[in-house]
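Engineer: I'd like to ask some things about the structure below.
The values are calculated or read from the model by the stated rules, or taken from the named source; none is laboratory data. Please read all numbers here as calculations on a predicted model, not as lab measurements. Using ideal geometry, Cβ is built from the backbone for each residue, glycine included, and neighbour counts are taken over all protein chains shown.
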């Protein structure tokens, strides 16, 4: 008897792959909305600034990571050069901020 499942069909594989990708993007989008709501709640409650500022910065860094990894497709093959340029720019920005901070505070 012939097997009627399409497990060997390339179209089925690609459809499942696209479905899984869409689910991951939706989960990431929902998490980003939740992080934004948390940030608004932190600001609206008037939380102590020594706790609020690091928490807000952490939430911002996580959201930037989500943006790069999922929505800009940095996890996909073939995006090595754009990834290198973006991460190089982030590294240069961090070095610049640290250098200027050192100049100002020293």
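Engineer: Evaluate the following for residue 42: is it part of a helix (DSSP H, G or I), surrounded by 14 or more Cβ atoms within 10 Å (Cβ to Cβ) and over 12 Å from the mean Cα position of the chain (by Cα)?
Structural biologist: Criteria met by residue 42.
Engineer: Also, quick follow-up: Do the conditions hold for residue 47, that is, is it at pLDDT 80 or above, assigned to a loop (DSSP other than H, G, I, E, B), in contact with a helix residue (DSSP H, G or I) (Cβ under 9 Å, 6 or more places away or on another chain) and surrounded by 13 or more Cβ atoms within 10 Å (Cβ to Cβ)? Step through it out loud before you land on a result.
Structural biologist: Working: at pLDDT 80 or above: yes; assigned to a loop (DSSP other than H, G, I, E, B): yes; in contact with a helix residue (DSSP H, G or I) (Cβ under 9 Å, 6 or more places away or on another chain): yes; surrounded by 13 or more Cβ atoms within 10 Å (Cβ to Cβ): yes.
Yes.
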